[in-house]
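Structure, as structure tokens:
The values are calculated or read from the model by the stated rules, or taken from the named source; none is laboratory data. Fair warning: this is a prediction, and the values are worked out from it, not measured in the lab. In this analysis, Cβ positions are derived from the backbone assuming ideal geometry, glycine residues included, and neighbour counts consider all displayed protein chains. These accessible areas exclude ligands, DNA and RNA; they are computed on the full protein's heavy atoms, side chains included. Shrake-Rupley method; radii C 1.70, N 1.55, O 1.52, S 1.80 Å.
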Amino acid sequence: MEIKRGIAVSPGIAMAEALVLDSEEIRIPQRFISAKEVDSEIQRFENAVEDSNRLLAEEIERLEGEVDIHARILSVHRDLAADPALHAEVHQSIRDRCYTAEHALSKVMNRYVRKLQETRSPLLLERVHDLQDVEKMLLSTLLGKRIETLSNLDSQVAVIAHNLTPAQTAKLDPGKVVAFATDVGGKTSHTAIMARALGIPAVVGIDDVSTAVVGGDPVIIDGYRGVVIIDPTKEQIEEHQGRALEMSRISQEFRSQSALPAETIDGHRLEVHANIELPSEVESAVEWGAAGIGLFRSEFIHLQAPESGEEIHYEHYKNVLGSLGGLPLTIRTLDLGGDKLPEGSPDEENPFLGCRSIRWCLANPEPFRAQIRAILRVGVHGPVRLMLPMITTIPELDRSLQIIDEVSEELRSEGIEFDENIPVGVMVEVPSLALVASHVAHRVSFLSVGSNDLVQYTLAVDRGNEQVADLYDPLHPAVLQLISSLIRVGEEHDIRVCLCGEMASEVIHLPLLVGLGLREFSITPQLIPEVKQVIRHLVDYEVRDLASRCMQLSDGESISRELRLWSLENLPEVASRLI
Ligand code: PEP
Ligand code: MG
């Protein structure tokens with residue numbers, strides 16, 4: 001039995017056999033052999049290399065004179081697979097550690113990749129992909145028909161991986177993957193957000209879980225406490241089963257209150273909307289009591305079907321709108337880049353500071369225009385809002401608004417029906433935009449604080465990096481000042497200001513955010529009843545007083561302490577259960 005601790009990012013407790021992803025989406029079913037199988041295992045490895053080389057040679061010959069670059073890449077792969085140093089290291093691992101050929105290959109390749117990554121040389125980093133391709137090619141040959149991927153699982157598993165991208169996570173089948181745990185990651189990473197969307201319990205940032213767990217090990221993944229128990233004892237299993245039941249009872253209790261309003265004791269009506277990543281989430285969001293969809297992360301439509309154009313987007317939006325039965329739908333335009341890379345994207349040194357989000361859209365006008373056409377068209381079927389993410393400068397906003405005008409003109413001239421008055425808003429996710437918000441306010445209909453990114457860009461802390469997770473602090477006074485100034489700008493210009501980051505899902509943050517003057521939130525659907533319940537315990541003038549005290553403090557820790565004490569005193573029944 002071994003206990004590993006990480007960051008709890010998606011609630012729930014589950015137990016299953018581990019499926020360890022060694023190489024991208026490929027499961028290695030067996031990792032060890034007996035000592036007497038060593039020679040035949042080495043031979044199995046050599047046969048696989050020979051088979052792969054033969055296939056590569058045929059392919060290179062077929063391509064000769066045609067696609068020169070592709071043939072050259074395949075030749076590099078052939079040379080890498082034949083490298084005597086690689087063979088010697090794999091043989092040694094099989095002999096000394098009784099690893100299967102697949103496991104030995106994966107370990108050796110992993111070491112090579114890490115060495116290349118440590119050099120930080122762009123030239124050598126390009127070789128990483130070649131190594132990973134060779135690894136995948138040899139694993140496929142070694143595993144032959146036994147190859148198992150995340151998309152063809154035949155039993156329930158707990159996935160353990162070094163990392164899962166948001167796109168990989170989106171493809172997980174919650175009926176088969178009961179939980180997952182990864183070495184890397186942070187609470188507001190898009191992988192974590194997707195896990196919550198799918199209702200899959202998850203723990204990230206465990207550092208070495210992918211090497212500590214062996215495929216087939218029973219594991220408990222506790223997404224409330226951020227714990228993974230490898231090979232649990234009978235007592236631990238019983239304790240976790242008990243807790244899982246208790247948590248699901250609490251969740252049912254909240255769910256039964258989902259229709260109650262989000263109104264403070266002194267009568268201030270707030271709105272709590274849902275963030276969704278997939279169209280399929282909309283119905284349960286309504287059941288959880290959402291006042292609408294405050295953030296539809298539409299890029300997952302693109303990631304799941306990159307060729308999807310105007311019609312696919314239009315159909316998805318129309319279906320979502322239909323399920324909302326008159327409630328508003330805020331569609332965010334494609335937020336690609338960062339950790340949501342479309343296939344074939346060039347590598348970037350700092351993808352979160354690179355061609356991400358609106359920058360990607362302005363550099364790729366075709367999919368952007370197609371999506372805007374779909375959003376404008378669907379606006380005639382119900383209350384739709386269009387939201388632009390990660391705007392950093394006013395010219396960037398003006399260019400985006402100009403494109404919306406051009407697309408409108410195009411639809412008009414084609415005689416296609418569309419919403420002429422669609423509200424267009426921006427997400428404030430970058431301090432530079434927050435600081436010029438008064439110039440933004442008279443150009444748009446609403447502002448939505450994207451606190452997940454606003455925190456990362458204000459504090460220079462990568463939201464997905466577990467090594468700096470303790471520095472990722474939404475209560476840092478700089479973040480609070482930016483939010484507070486945005487609320488003032490909204491009041492001065494009489495436009496709505498909403499907050500759609502994970503910050504509003506934390507129960508202890510709510511009294512502060514309401515006290516600062518926020519009246520609209522958009523959060524993970526399952527948390528809506530909880531958040532509404534907290535709002536029903538607040539008195540506006542009391543939380544305003546609390547907020548002004550917090551704004552006098554110099555650091556996030558003191559503010560957090562103040563909020564905890566206040567909650568324990570003023571929200572005892574809610575706080576004792578949730579804090
Ligand atoms: C945010 O940054 O707060 C946000 C809601 O957008 P995302 O999490 O998708 O980056
Ligand atoms: Mg964001």
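For the range 425-467, give me the residue count where each residue is away from ligand 2 (no atom under 15 Å from the Cβ), open to solvent by 20 Å² or more (accessible area, probe 1.4 Å) and of a type outside the set (D, E, K, R). Can you show your working first?
From the range 425-467, those away from ligand 2 (no atom under 15 Å from the Cβ) are 435-446, 460, 465-467; that's our starting set.
Cutting the leftovers down to open to solvent by 20 Å² or more (accessible area, probe 1.4 Å) gives us 435-436, 438-439, 442-443, 445, 460, 465-467.
After this cut, where a residue has to be of a type outside the set (D, E, K, R) as well, the list is 435-436, 438-439, 442, 445, 460, 465, 467.
Here the count works out to 9.
Kindly check whether there is at least one residue in the range 393-403 that is away from ligand 1 (no atom under 16 Å from the Cβ), of a type outside the set (Ser, Thr, Tyr), in a loop (DSSP other than H, G, I, E, B) and touching a residue at least 24 places away in the same chain (Cβ under 8 Å).
Keep residues of the range 393-403 that are away from ligand 1 (no atom under 16 Å from the Cβ), which gives 393-403.
With the extra rule that they be of a type outside the set (Ser, Thr, Tyr), the set shrinks to 394-399, 401-403.
Still in the list and also in a loop (DSSP other than H, G, I, E, B): none.
Looking for residues that are away from ligand 1 (no atom under 16 Å from the Cβ), of a type outside the set (Ser, Thr, Tyr), in a loop (DSSP other than H, G, I, E, B) and touching a residue at least 24 places away in the same chain (Cβ under 8 Å), one finds none in the range 393-403, hence no.
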Legend entry - Tally, over the range 321-366, of residues that are away from ligand 2 (no atom under 15 Å from the Cβ), of a type in the set (D, E, K, R) and open to solvent by less than 60 Å² (accessible area, probe 1.4 Å): 0
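Would you call ASP470 charged (D, E, K, R), away from ligand 1 (no atom under 12 Å from the Cβ), more than 22 Å from ARG519 (Cβ to Cβ) and free of Cβ contacts under 8 Å to residues at least 60 places away in the same chain? I'd like the intermediate steps shown before the answer.
Working: charged (D, E, K, R): yes; away from ligand 1 (no atom under 12 Å from the Cβ): yes; more than 22 Å from ARG519 (Cβ to Cβ): yes; free of Cβ contacts under 8 Å to residues at least 60 places away in the same chain: yes.
Spelling it out, ASP470 is indeed charged (D, E, K, R), away from ligand 1 (no atom under 12 Å from the Cβ), more than 22 Å from ARG519 (Cβ to Cβ) and free of Cβ contacts under 8 Å to residues at least 60 places away in the same chain.
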Inset, instruction - Please give the strands (runs of 3 or more DSSP E) falling wholly within the range 1-110 in which 1 or more residues are at pLDDT below 90 and open to solvent by less than 40 Å² (accessible area, probe 1.4 Å). - result: 13-23
Legend entry - Single condition TYR541 does not satisfy, out of (1) surrounded by 18 or more Cβ atoms within 10 Å (Cβ to Cβ); (2) among the aromatic types (Phe, Trp, Tyr); (3) assigned to a helix (DSSP H, G or I): (1)
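If I filter the range 490-501 for residues that are in a loop (DSSP other than H, G, I, E, B) and within 13 Å of ligand 2 (Cβ to nearest atom), do I get at least one hit? Before the answer, list the steps.
The first filter runs over the range 490-501 and keeps only residues in a loop (DSSP other than H, G, I, E, B), leaving 494-495, 500-501.
Keeping just the survivors that are within 13 Å of ligand 2 (Cβ to nearest atom) gives 500-501.
For the range 490-501, residues in a loop (DSSP other than H, G, I, E, B) and within 13 Å of ligand 2 (Cβ to nearest atom): present.
Would you please name the residue that is nearest to ALA262 (Cα to Cα), looking only at residues in the range 533-562 that are of a type in the set (Ser, Thr, Tyr) and more than 32 Å from the chain's Cα centre (by Cα)? Give the derivation first.
Filtering the range 533-562 down to residues of a type in the set (Ser, Thr, Tyr) leaves 541, 548, 554, 558, 560.
Okay, now just the ones that are also more than 32 Å from the chain's Cα centre (by Cα), so 541, 548.
Numbers: TYR541: 16, SER548: 23 Å.
Ranking the candidates gives TYR541 first.
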Inset, instruction - Those residues that are outside any helix (DSSP H, G or I) and under 12 Å from ILE528 (Cβ atoms), I need them from the range 277-293; list them, please. - result: TRP288, GLY289, ALA290, ALA291, GLY292, ILE293
Inset, instruction - Find all pairs meeting these conditions: Cβ atoms under 6 angstrom apart; at least six residues apart or on different chains; first residue within the range 191-213 and over 20 Å from VAL468 (Cβ atoms); second residue in a helix (DSSP H, G or I) and among the charged types (D, E, K, R). - result: ALA197/GLU281
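Considering only residues that are within 16 Å of ligand 1 (Cβ to nearest atom) and aliphatic (A, V, I, L, M), which ones fall in the range 440-467? Full working, then the answer.
Here is the first cut: in the range 440-467, the residues within 16 Å of ligand 1 (Cβ to nearest atom) are 446-465.
Answer for the range 440-467, where residues must be within 16 Å of ligand 1 (Cβ to nearest atom) and aliphatic (A, V, I, L, M): LEU447, VAL449, LEU454, VAL455, LEU459, ALA460, VAL461.
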Inset, instruction - Considering only the range 222-268, state which residues are open to solvent by 40 Å² or more (accessible area, probe 1.4 Å), touching a Pro at 6+ places or on another chain (Cβ under 7 Å) and more than 23 Å from PHE180 (Cβ to Cβ). - result: ARG255, GLN257
Legend entry - Flag for LEU482 being part of a strand (DSSP E or B), farther than 30 Å from THR182 by Cα and within 16 Å of ligand 2 (Cβ to nearest atom): no
